[in-house]
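Student: Here it is: the structure, laid out below.
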Amino acid sequence: MGSLLSKIFFSQIIGYKHSKILILGLDHAGKTATLYKIGLNENVTTVPTIGFNSEMIQYNNVKMLIFDLGGQEKVRSLWQHYFENTDAIIFVVDSADRERMQEARETLHEILTNSNLEK
């Protein structure tokens, strides 16, 4: 309880709390569309992400730096380099792509068990 009150008090003095959020998932899952829906409240036409997209979004007194990382199999090993100091992960799944559901499940498991994600 004291820790929570300290965080609230500290964020009031500083003014803003900063959060780092990653949007992850398989290629063609809808990660970039999710980023721009969250950030701009817009539906956008996207192309496959090579590397990453990022947006700084402010909601009340929270500033969120959101990274949308490419989901191609050959670049997934790079995700772990973004894990440090991550406050949240949004894992996007294309529920219409039943053939890749097991791959999505295994990828999510790899993320959640990665030692670089621990604080």
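The values are calculated or read from the model by the stated rules, or taken from the named source; none is laboratory data. The model shown is predicted, which means the values in this text are computed figures rather than measured ones. A quick note on method: Cβ atoms are made from the backbone with ideal geometry, for glycine too, and the neighbour counts reach across all protein chains shown.
Student: In the range 52-76, which residues are hydroxyl-bearing (Ser, Thr, Tyr) and out of contact with any Phe, Trp or Tyr (no Cβ under 7 Å at 6 or more places or on another chain)?
Tutor: Selection gives Tyr59 alone.
Student: Sticking with this one: Within the range 31-77, track down each residue that is within 12 Å of the chain's Cα centre (by Cα), in contact (Cβ under 8 Å) with a residue 40 or more places away in the chain and in a strand (DSSP E or B).
Tutor: Result: Met64, Leu65, Ile66, Phe67, Asp68, Leu69.
Student: Is the range 36-46 home to any residue that is among the aliphatic types (A, V, I, L, M), surrounded by 11 or more Cβ atoms within 10 Å (Cβ to Cβ) and modelled with pLDDT of 90 or more?
Tutor: No, there is no match, as no residue in the range 36-46 is among the aliphatic types (A, V, I, L, M), surrounded by 11 or more Cβ atoms within 10 Å (Cβ to Cβ) and modelled with pLDDT of 90 or more.
Student: For the range 71-79, check the following and say yes or no: at least one residue is touching a helix residue (DSSP H, G or I) at 6+ places or on another chain (Cβ under 8 Å), aliphatic (A, V, I, L, M) and surrounded by 14 or more Cβ atoms within 10 Å (Cβ to Cβ).
Tutor: no
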